[in-house]
Each structure stands twice: as C-alpha cells, then as structure tokens.
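Each reported figure results from applying straightforward, stated rules to the coordinates on display, with no laboratory input. The shown structure was predicted, so the numbers you read here are calculated from the model rather than taken from an experiment. Neighbour counts run over all protein chains shown; Cβ positions are idealised from the backbone, glycine included.
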Amino acid sequence: MIKTGMIGFGKMAQAIVEGWNNAKMRDVVEVYAYAPHQDKLKENCARMHAIPCASPQELCQAVDVIILACKPAQVDGVIEQIAPHLHGKFVISVAAGITHERLAEPLIGIPHVSVMPNTAMAALAGTLIVEEPNTMGDKESEMLQMMFAPLAAVVPVSEALFGIAGTISGCGPAFLGLFAEALADAGVKYGLPRAIAAKLSAQTVYGAGAMLSRDGTEPSVFKNEICSPGGTTIRGIVTLEKDGFRRAVIEAIEAIQEK
C-alpha cells in the first residue's frame with residue numbers, strides 16, 4: 001500500500017484520485033489530502049474515499065509520498081512548512097511550471113520529481129509528463145510507474161522541453177473540447193438531436209485518440225488513411241486548411257507559451 005498525500009485538493013488532484021478509484025486501486029494507493037478550506041475538503045474526501053488532514057504537517061506524518069498539488073505560488077511556503085517532516089519521503093510536484101531546478105535547493109537530499117498530469121487521468125486516458133533530470137532512485141521510479149501507469153501514458157521529457165510538453169497535454173484537451181462542440185453543433189444544424197450529436201462527437205474524439213495512441217501512428221499517417229482519393233473526408237480537410245485550422249491551433253499554443 002502506497003500512502004499518498006495530496007497537498008491541495010483541486011481539480012487536478014481530484015482527477016488523479018478519481019482515476020485511482022476508477023482503476024480500482026484503493027488497495028494500492030491510500031489517499032490523504034489537505035486543503036485550507038476544511039469543510040469543502042471533508043466533503044470532497046468523503047465523495048472520493050480520501051482521508052482529510054487538518055494540516056500539511058499531519059498529512060506528511062501519515063504518508064510515504066507527498067504530491068504538491070497546490071497553486072504554483074504556494075509551493076515555496078508549503079515546502080517551508082513541511083521541511084522538517086520530509087525525511088524518508090518521496091515528493092512529486094504537479095504544480096504547473098514548477099521545475100526540478102526550482103525544487104533542487106529546498107528539497108536537497110529528498111527524492112523528488114516534477115511532473116505534469118492532465119485531467120484525462122480520471123478516465124484512465126491521461127498523460128503524465130515526467131521532467132528529466134530528477135532525483136528519483138529506482139525505488140521512486142517504480143513507485144511512480146505503479147501509481148500512474150494505470151491512469152496515463154508516462155512520458156519522460158527533458159527540462160528544456162518540459163513547458164511545451166505540458167502545454168500540449170494540459171491545454172490540448174480544452175482545444176479538443178471546443179472541436180467536439182463544433183462537431184456536435186454541425187450535427188444539430190443538419191437535424192441530429194443535441195444529445196445524439198454530442199455523444200457521436202465525444203466518441204469520435206475518444207476513438208481517434210485511442211487509435212492514434214495504440215501503436216504510435218503519426219497523426220499525418222492516421223489522417224491520410226481516412227482520406228480516400230476524391231472522397232468526402234479530404235473535401236472537409238481542404239476546407240479546414242483553407243479556413244486556417246492548423247494555423248489557429250499552432251497560434252493558440254504560441255499564445256500560451258508566450259504568456
């Protein structure tokens with residue numbers, strides 16, 4: 001049993017815990033959580049089969065693995081609070097933009113790693129970007145795989161590329177949500193009931209993602225296999241290109257990176 005503590009219990013932390021629950025991993029990972037709003041914390045913990053803690057220090061004393069799931073601006077303060085309780089612990093940061101370099105000094109001598117998950121972990125279809133370098137040993141690496149491989153593709157990425165990798169996997173789902181909404185709207189325009197159009201759209205996005213990730217097929221190859229010569233799909237692709245679909249996606253990523 002891996003006793004795991006979430007410091008911060010917002011959307012990302014809850015998506016991870018929901019994934020563990022959906023993967024039936026309650027006999028593998030026992031979850032503790034701390035957040036400053038105790039009433040809300042207790043309500044969320046009751047719903048998600050987690051154990052609420054009254055303070056970060058109490059949480060640290062109960063667990064083996066500490067997940068920093070607080071806001072990035074809170075990380076330094078949290079580490080300062082829990083520093084005396086970190087001996088023998090493994091620290092995982094899921095706070096956006098917090099790199100190994102940022103944690104190296106405050107967590108010196110403590111095995112730690114910076115990762116970027118996404119909310120698709122709740123559906124056991126997530127991505128976990130793992131920054132390299134890190135200070136994990138074999139024990140911690142095995143523990144990370146045991147905890148997250150059932151929920152996500154675990155992808156090591158160099159420090160220099162950590163930000164862009166996290167942007168694609170973290171923000172990309174929202175872009176796909178917008179695309180799925182547009183597909184559903186088109187279905188409604190041509191007579192499909194909203195519920196059926198939404199279901200078809202969601203399943204289409206899900207199925208395409210599953211096929212792309214199944215054997216590492218390049219997106220261009222996947223697209224080309226669906227486009228028959230002179231067929232309907234290539235007509236749609238040409239229209240998307242004419243309307244700047246690809247450019248709009250790239251510029252959206254640029255806007256995030258250059259924030």
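Using only Cα atoms, locate the centre of segment 116-149 and the centre of segment 85-111, then give the distance between them in Å, rounded to an integer.
Each part's Cα centre sits 15 Å from the other's.
Which of the three applies to segment 58-100, rounded, prolate or oblate, going by the alpha-carbon gyration tensor with a ≥ b ≥ c and a/c under 1.5 meaning rounded?
It comes out prolate by the Cα gyration axes.
Dividing the alpha-carbon radius of gyration of the chain by 2.2 N^0.38 Å (N being the number of residues), what value is obtained?
Relative to the rule-of-thumb radius for its length, the chain sits at 1.14.
Please work out whether segment 17-160 counts as rounded, prolate or oblate from its C-alpha gyration tensor, where a ≥ b ≥ c are the square roots of the eigenvalues and a/c under 1.5 means rounded, while otherwise a/b larger than b/c means prolate and anything else oblate?
Cα axes put segment 17-160 in the oblate bin.
Output ³J(HN,Hα) for segment 79-92: one whole-Hz value per residue in order, computed from phi by the Karplus curve 6.51 cos²θ - 1.76 cosθ + 1.60 with θ = phi - 60°, and x for Gly and Pro.
For segment 79-92, the Karplus curve yields 4, 4, 5, 9, 3, x, 10, 9, 4, x, 9, 10, 10, 10 Hz.
Would you work out if segment 166-257 is rounded, prolate or oblate? Take a ≥ b ≥ c from the square roots of the eigenvalues of the alpha-carbon gyration tensor; rounded if a/c is under 1.5, else prolate when a/b is larger than b/c, oblate otherwise.
Judged from the Cα gyration tensor, segment 166-257 comes out rounded (a/c under 1.5).
Quick one: work out the % antiparallel among DSSP beta bridges in the chain, nearest 5.
Of those bridges, close to 5 percent are antiparallel.
Can you tell me the dipole magnitude for segment 2-161 around its Cα centre, using point charges on the Cβ only (Lys, Arg +1; Asp, Glu -1), in Debye to the nearest 20?
Charge dipole, segment 2-161, about its Cα centre: 540 debye, nearest 20.
Here are some pairs, 40/71; 11/199; 189/223; which of them have Cα atoms lying more than 21 Å apart in this structure?
Correct reply: 11/199; 189/223.
Pick from 246, 47, 26: which is most flexible by mean-square fluctuation in a GNM of the chain where alpha carbon atoms under 10 Å apart are linked?
Ranking 246, 47, 26 by mean-square fluctuation puts 246 first.
When the helices in the chain are scored as -39500 (n - 2.57) per DSSP H run of 4 or longer and the sum is shared across all residues, what 222 nm value do you end up with, to the nearest 500 deg cm²/dmol?
-16500 deg cm²/dmol
Where does the charge balance sit around residue 233 when Lys and Arg score +1, Asp and Glu -1, over other residues with C-beta under 11 Å from its C-beta?
Residues close to residue 233 contribute a combined charge of +1.
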